[in-house]
Amino acid sequence: MNRAALADFLRRRREALRPSDVGLVPGPRRRAPGLRREEVAALTGMSVDYYARLEQQRGPQPSEQMLAALARALRLTVEERDYLFRLAGHGAPRRAPADSHVAPALLRVLDRLEDTPALILSSLGETLVQNRLAEAIFGPAPTTGLARSSAYRWFTDPASREVYPPEDHERQARSQVASLRAAHAAACPGSPADDVLRALLRQSPEFVRLWELHEVSRRFEDHKTLVHPEVGRIDVDCQALFTEDQSQALLVLTPAPNSEAEEKIRLLAVLGHETFA
């Protein structure tokens, strides 16, 4: 662990960011344009004291999970993330289509989307990050295990289907399988896509039936009907912005202007996860 280089790198990357770069309001009386230490700590879920000690060359060796959180908070590129891991005495994470490091360009766009649901997905359908409105509709995203994959959840957890109306379930199932086939074809042997595929072939006859159709697609539907337990059906248009290597996608869900769906999303923006009286 190179404490001096790590401290300098963290400080310089922090000072190079503006609050608006990470979706924060600048606020009055800022003496410097960069992020404050407490803002980086809040973005990563660590204490201010812990982060301050890293910049002061006094901190313990950060875990890989903590470094991944720092890389995301500081909007590091993949190359910068790998450098951060090496400074902290860890090997660089394996680069693969299912890499969970969020592309900074997609994060910058997501940070500016406050009035419409938006989320960033990996090629395996893992929710890497989502805004408050997306979480109000889809719920918290699983962070460990095969359940991170939307395809795995779809075929093993009936509750995961409740966000779509029953008449859309067959189409959604075929879309999940087609997307997994595309991700699996692009992955190396022994990848997370391999793990998801093997598990589903063992556990789900429905998945096996659809897998045998050999459908391949990574295109999202242009229109979706989502179901929220409190406000009911929400009709949205779906737009996807992909990274250059197609490994991640920013999914933006927008209602038609002046529609009932727009009113429902405004209501969710106020209530979040609260239930109605």
Kindly indicate the residue of the stretch 260-277 that is among the small types (Gly, Ala, Ser) and either over 26 Å from SER150 (Cβ atoms) or modelled with pLDDT of 75 or more (or both) and also nearest to the chain's Cα centre (by Cα) among those meeting that condition.
-> ALA269
Going through the stretch 205-259 one residue at a time, which ones are β-branched (Val, Ile, Thr), modelled with pLDDT of 90 or more and more than 20 Å from ALA136 (Cβ to Cβ)?
-> VAL208
Do we have ALA98 as among the aliphatic types (A, V, I, L, M) and either at pLDDT 90 or above or assigned by TED's automatic domain parsing to the domain that holds GLU114 (or both) here?
-> no
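Could you list, in sequence order, all residues of the stretch 135-167 that are part of a helix (DSSP H, G or I), more than 15 Å from the chain's Cα centre (by Cα) and surrounded by fewer than 17 Cβ atoms within 10 Å (Cβ to Cβ)?
THR156, PRO158, ALA159, GLU162, PRO166, GLU167
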Given (1) over 14 Å from the mean Cα position of the chain (by Cα); (2) without any contact (Cβ under 8 Å) to a residue 40 or more places away in the chain; (3) under 19 Å from CYS238 (Cα atoms), where does ASP82 come up short, assuming only one miss?
-> (3)
Run down VAL216, VAL236, VAL177 and say which single residue is part of a strand (DSSP E or B) and aliphatic (A, V, I, L, M).
-> VAL236
Which ones in the stretch 33-64 are part of a helix (DSSP H, G or I) and farther than 23 Å from GLY23 by Cβ?
-> ASP49, ARG53, GLU64
The stretch 240-259, subset among the small types (Gly, Ala, Ser) and over 16 Å from ARG108 (Cβ atoms), residue surrounded by the most Cβ atoms within 10 Å (Cβ to Cβ) | SER247
Cβ pairs under 6 Å, 6+ apart, first in the stretch 39-67 and among the hydroxyl-bearing types (Ser, Thr, Tyr), second surrounded by 13 or more Cβ atoms within 10 Å (Cβ to Cβ) = THR44/ALA69; THR44/LEU70; THR44/ALA73; TYR51/ARG37; TYR51/VAL40; TYR51/ALA41
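The values are calculated or read from the model by the stated rules, or taken from the named source; none is laboratory data. Computed from a predicted structure; not experimentally measured. No Cβ is skipped: glycine too gets one built from the backbone with ideal geometry, and neighbour counts run over all protein chains shown.
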